[in-house]
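K.L.:
Next up is a structure, given as structure tokens.
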Amino acid sequence: MTAWNEDTEAGAAESGSVTVLEGSSFCISAGTGDISSDGGTNGAFFQDTRIISHWVLRVNGALREPLSAQRPKPFEATFVGRAKWPDGRFDSPLVVRQVRHIGPGLQDDITLENYSAEPVECEIELLVAADQADLFDVKGGRIPATHETTRSVQDGQLVIENVRDGHQRGTAVRARGAEVSLDGLRFRATIPARGNWATSVIVVPLINGQAPAEAFTETGIPHHREGVRRHRHWEQNVPLITVADANLQATLNRSQSDLGSLRIFDPHHPERAAVAAGAPWFMALFGRDSILASYMSLMVDPKLAAGTLQTLAGLQGTKVDPDSEEEPGRIPHEVRLGVTAGLAVGGTAYYGTADATPLFAALVGELSRWGLSKDIVQPLLPHVDRALEWIDQYGDRDGDGFVEYLRPNTHGLVNQGWKDSWDGINFADGTMAEAPIALCEVQAYVYLAFVGRSLLAHWDGDRDLESHWAKRAEDLKAAFNEKFWLPEKGYFAVALDKDKRPVDACTSNMGHCLWMGIVDEDKAPSVVEHLMSPQMFTGWGIRTLGSDMGAYNPVSYHNGSVWPHDSALVATGLMRYGFVEEARLLATGILEAADHFDGRLPELFCGFDRGEFEGPVPYPTACSPQAWAAAAPIQLIRALLRFDPVYTRGVVHLAPILPEDMGDFQAANVLLDTSRITIRAHGTGGSIDGLPPGLKMLAEPRPHLAYPPKVYPA
């Protein structure tokens with residue numbers, strides 16, 4: 001999930017911080033609610049710009065003593081502290097309650113409660129700064145030395161503005177009853193005995209002097225905002241899951257809530273929800289991350305995948321631009337809205353990814369299997385065909401039948417697969433591979449893109465086109481198993497390098513090849529044996545790189561860490577090839593790891609063996625919540641249920657292999673086509689209520705190598 005113009009490991013949220021978010025807006029503060037301007041990463045952000053960089057509340061000249069910080073909703077936090085009594089008495093009876101709301105700006109509702117039997121005079125001050133810094137400058141600790149802002153008091157509010165790259169960004173701060181100065185707001189209050197005093201501080205971001213729609217106001221109610229209504233609607237319409245295992249239920253509930261909080265909306269198409277990559281630093285559309293997260297979330301809401309695809313289709317490349325790496329038909333890697341980006345919808349897009357384009361085509365095919373209407377799928381077909389054209393004309397750089405990547409500039413990503421850190425692709429001896437690089441999983445994604453296009457042609461009744469893409473898939477599979485297989489090692493090369501040498505490190509990438517079905521059946525047992533070996537399986541999940549490899553480092557980003565989404569896709573691949581016990585063992589490990597993270601799996605964690613520590617060791621800069629990590633438990637449950645709709649064939653597969661200690665499982669309100677179904681399972685038994693007409697349940701797993709579909713004679 002690396003950002004194209006930033007170092008991978010920069011900018012962790014600070015220890016003990018509290019993050020609230022709504023759409024692409026978020027705020028990171030200390031546990032007290034304060035935001036310090038000491039050069040850290042805390043702040044309130046709107047459209048990738050830091051609209052608050054310093055926010056410190058003092059009562060009677062002193063900071064509060066923190067008591068509690070709670071986040072009942074993703075977009076709201078409550079901070080409770082004890083304020084200094086004017087005479088400095090011990091055990092002050094003066095309590096400060098600060099309720100924060102994030103959205104198109106920020107609102108802090110501040111209440112001072114006097115629990116003594118006497119009135120008290122209080123001086124309250126809020127010191128404010130807003131550096132208007134770009135999110136990436138903040139994350140990387142690179143605020144320009146020339147970065148200056150202007151301050152003024154206008155119409156009873158503090159206005160802090162900055163012009164950068166021709167764009168004017170600003171912040172307006174106000175509150176009723178405040179004395180406004182150039183450094184903040186001050187209040188003088190007499191709080192009666194057993195009484196309270198309250199105010200609301202409103203922060204409004206300004207773009208070229210204009211406030212955004214639905215900015216906070218003194219008369220508005222924060223919970224009536226559109227973003228809040230959307231989140232409540234999401235929670236009312238996602239599946240209602242009940243599991244006898246209370247920890248698992250908490251994890252699945254948290255996953256669904258986090259996915260809802262990570263949705264972002266195009267203001268020109270407010271009905272479309274796409275999923276952002278993760279909080280706090282990746283609250284933006286990422287091609288690969290958004291596609292994989294929405295795929296793994298299909299059992300929660302297939303419309304999230306539809307919205308993600310529709311939004312990405314609108315950003316599909318139309319021209320050749322070496323600077324942004326845009327190419328006709330290419331799906332972007334990421335989209336940003338910061339002060340260094342454009343302010344139009346979609347912001348500035350960077351296209352340097354090898355896998356988002358085939359994954360886009362593959363997911364459209366998957367939606368047809370899930371039963372989404374042709375009204376959704378058909379308009380996407382031209383974009384699928386343009387994506388397939390990109391694979392042939394630009395992705396396959398040298399005509400050898402495989403998709404490679406090589407950045408055409410000096411500022412884009414060196415590695416352009418999901419392991420996109422600078423040192424993410426290396427040989428078994430630790431030597432880094434040189435581009436152009438053809439990754440194994442990218443070829444698997446292309447394979448499924450071909451399969452998906454064949455499936456879509458079958459749906460349309462176009463037998464010639466169905467046969468064409470089925471044959472392309474068949475030929476790619478044969479070439480892949482010939483060129484990437486390492487017979488002396490018994491696993492697949494992670495890549496082919498610039499000289500077409502197999503990059504021979506043992507990695508988790510080949511588990512994605514199982515998931516996509518490109519692996520020949522006779523090779524699968526050896527692949528599984530390596531994936532589940534002590535060098536790869538930690539007991540919590542699959543390492544990105546084997547512990548016996550030259551570049552192995554359990555605390556690295558991509559060379560030995562464990563990524564929950566990666567392990568979930570590997571488990572799906574194990575299940576697809578019939579390795580049921582191995583899949584169940586891996587799924588159980590990841591779900592048990594979630595218990596150590598309060599039910600919320602992080603982006604990644606360290607790759608230490610399970611026996612070394614009492615629980616999985618956190619990775620210091622991991623995003624949380626993060627979209628594909630949030631989706632991983634949903635995907636694991638789907639894999640354990642062996643729940644596979646094949647709407648185009650008129651069947652739904654359900655053949656559970658749930659661990660007995662999981663107990664009864666039920667998911668009500670699951671959307672399939674236009675129907676809401678209920679899935680029930682226990683152990684190896686299961687049933688579905690409410691199937692759409694014409695759809696039949698099969699109590700058997702989907703045939704693991706049933707793709708590509710039948711090749712029709714010309």
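K.L.:
At 0.36 nm per residue, and after removing the present C-alpha to C-alpha distance, how many nm does the segment from Asp462 to Arg676 gain when stretched out fully?
P.N.:
Stretched out fully, the Asp462 to Arg676 stretch lengthens by 74.0 nm.
K.L.:
Name the residues whose placed amide hydrogens come within less than 5 Å of the amide hydrogen of Glu22, ignoring near sequence neighbours (fewer than 5 apart) on the same chain.
P.N.:
none
K.L.:
So, by mean Cβ neighbours within 10 angstrom, what's the order for 351-362, 240-251 with the highest one leading?
P.N.:
By packing density, highest mean first, the sequence is 351-362, 240-251.
K.L.:
Largest first and to the nearest Å, give the Cα extent of the range 325-436 along each principal axis.
P.N.:
50, 39, 24
K.L.:
Thr410 to Glu226: extension gain in nm, 0.36 nm per residue of separation minus the Cα-Cα distance?
P.N.:
62.1 nm
K.L.:
Want the number for Val153 to Asp520: 0.36 nm per residue separation, take away the alpha-carbon distance, what's left? Can you show the working numbers first?
P.N.:
Working: separation 367, 0.36 × 367 = 132.12 nm, distance 7.00 nm.
So the extension gain works out to 125.1 nm.
K.L.:
What angle, in degrees between 0 and 90 and rounded to the nearest 10, separates the Cα long axis of helix 287-296 from the longest principal axis of the Cα atoms of the chain?
P.N.:
Value to nearest ten degrees: 80.
K.L.:
Follow-up. What do you get for the angle between helix 440-460 and the principal long axis of the chain? Use alpha-carbon atoms, 0 to 90 degrees, nearest ten.
P.N.:
The angle comes out near 80 degrees.
K.L.:
Please order Phe90, Phe136 by the number of other Cβ within 10 Å, starting at the fewest.
P.N.:
Fewest to most other Cβ atoms nearby, the residues stand as Phe90, Phe136.
K.L.:
Could you order the peptides 153-159, 303-309 from most to least packed, using the average number of other C-beta atoms within 10 Å per residue?
P.N.:
303-309, 153-159
K.L.:
Based only on other Cβ atoms within 10 Å, what is the fewest-to-most ordering of Phe450, Phe613?
P.N.:
Phe613, Phe450
K.L.:
Rounded to the nearest 0.05, what FRET efficiency is calculated for Phe90 and Asp183 with R0 set to 30 Å and r the Cβ-Cβ distance?
P.N.:
So, using R0 = 30 Å, E works out to roughly 0.45.
K.L.:
Sort Trp485, Trp422 by Cβ crowding within 10 Å, fewest neighbours at the top.
P.N.:
Ascending Cβ contact count within 10 Å gives the list Trp422, Trp485.
K.L.:
Charges at C-beta only: +1 for Lys and Arg, -1 for Asp and Glu. How large is the resulting dipole of the chain about its Cα centre, in Debye rounded to 20?
P.N.:
Using only the charged Cβ atoms, the result is roughly 1600 debye.
K.L.:
Past the 22 Å Cα-Cα mark, which pairs from Lys319/Lys498; Lys319/Lys477; Lys139/Lys498; Lys419/Lys498; Lys139/Lys419?
P.N.:
From the list (Lys319/Lys498; Lys319/Lys477; Lys139/Lys498; Lys419/Lys498; Lys139/Lys419), the Cα-Cα distance tops 22 Å for Lys319/Lys498; Lys319/Lys477; Lys139/Lys498.
K.L.:
Further question on the same structure: Normalised by the number of residues in the chain, what is the relative contact order in percent for Cα pairs under 8 Å and 6+ residues apart?
P.N.:
11 percent
K.L.:
Once you put a point 7 Å from the Cα of Glu218 and another 7 Å from the Cα of Thr648, both along the Cβ direction, what distance in nm separates them?
P.N.:
Between Glu218 and Thr648, the simple spin-label model gives 6.0 nm.
K.L.:
Let me ask you something else. For the pair Glu612/Asp661, report the inter-label distance in nm, with labels modelled 7 Å from Cα in the Cβ direction.
P.N.:
2.4 nm
K.L.:
Follow-up question, since we're still on this one. Considering the values [x] 26.6; [y] 24.7; [z] 27.3, which represents Kirkwood radius over Cα pairs in Å as calculated for the structure under consideration?
P.N.:
Checked against the structure: label [x].
K.L.:
When the helix-only estimate is applied to the chain (DSSP H runs of n ≥ 4, each -39,500 (n - 2.57), divided by the residue count), what is the mean residue ellipticity at 222 nm, nearest 500 deg cm²/dmol?
P.N.:
Mean residue ellipticity at 222 nm (helix-derived): -8000 deg cm²/dmol.
K.L.:
Something else now. Any idea what angle helix 246-261 forms with the longest principal axis of the chain, computed on alpha-carbon atoms, 0 to 90 degrees, nearest 10?
P.N.:
80 degrees
K.L.:
Beta carbons within 10 angstrom, averaged per residue: use that to sort the peptides 496-502, 534-540, 363-369, highest first.
P.N.:
Sorting 496-502, 534-540, 363-369 by mean packing, highest first, produces 363-369, 534-540, 496-502.
K.L.:
So, R0 is 35 Å and r is the distance between the beta-carbons of Asp375 and Asp321; what FRET efficiency does that work out to, to 0.05?
P.N.:
Computed FRET efficiency for Asp375 and Asp321 comes out at 0.60.
K.L.:
Compute the Rg to Rh ratio over the range 109-234 from the alpha carbon atoms, using the Kirkwood formula for Rh, and round to two decimal places.
P.N.:
Result for the range 109-234 is an Rg/Rh of 1.05.
Read-outs throughout are calculated quantities, based only on the coordinates presented, and are distinct from any laboratory measurement. The model shown is predicted, which means the values in this text are computed figures rather than measured ones. We place every Cβ from the backbone using ideal geometry, glycine too, and count neighbours over all the protein chains shown.
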